[in-house]
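Before any comments, here is the structure.
The values are calculated or read from the model by the stated rules, or taken from the named source; none is laboratory data. On a predicted model such as this, the values are computed, not experimentally measured, just so you know. Here the Cβ is made from the backbone with ideal geometry for all residues, glycine too, and neighbour counts use every protein chain on show.
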Amino acid sequence: MPTYDYGEGIGELMTGNHGGVSCGSQSWLMVIPQYEMAVAVNIITTTDIFWDFGSVFTELARTSITVQQQSQPQ
């Protein structure tokens, strides 16, 4: 499974994802096993560059992981 660097405080995590475009809509699913997390988003439009849409997930995941880390007992 590929990894992605989520930056300082999180580091590299394994991620599985799949996205696509169909008749005026876009979808993306990302799974991060280490945090038992899945992020899925669908929009009823398309972007000229798919990653303009797909890159939103990186920030959603980063924010959710940071909140999860902060809620863990020290």
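The set of residues from the stretch 34-54 being in contact with a strand residue (DSSP E or B) (Cβ under 6 Å, 6 or more places away or on another chain) and within 30 Å of SER71 (Cβ to Cβ) comprises GLN34, ALA38, VAL39, ALA40, VAL41, ASN42, ILE43, PHE53, GLY54. Residues that are surrounded by 12 or more Cβ atoms within 10 Å (Cβ to Cβ), touching a residue at least 24 places away in the same chain (Cβ under 8 Å) and of a type in the set (A, V, I, L, M, F, W, C) number at least 2 in the following strands (runs of 3 or more DSSP E) confined to the stretch 1-70: 25-32, 37-43. If you go through the stretch 42-74 and keep only what is over 22 Å from GLY11 (Cβ atoms) and at pLDDT 90 or above, you end up with ASN42, ILE43, ILE44, THR45.
Any residue that is among the aromatic types (Phe, Trp, Tyr) and out of contact with any strand residue (DSSP E or B) (no Cβ under 9 Å at 6 or more places or on another chain) - is there at least one of those in the stretch 9-30? Break it down stepwise before answering.
The initial filter retains those residues of the stretch 9-30 that are among the aromatic types (Phe, Trp, Tyr), namely 28.
Next, from what is left, pick out any that are out of contact with any strand residue (DSSP E or B) (no Cβ under 9 Å at 6 or more places or on another chain): none.
No, the stretch 9-30 contains no residue that is among the aromatic types (Phe, Trp, Tyr) and out of contact with any strand residue (DSSP E or B) (no Cβ under 9 Å at 6 or more places or on another chain).
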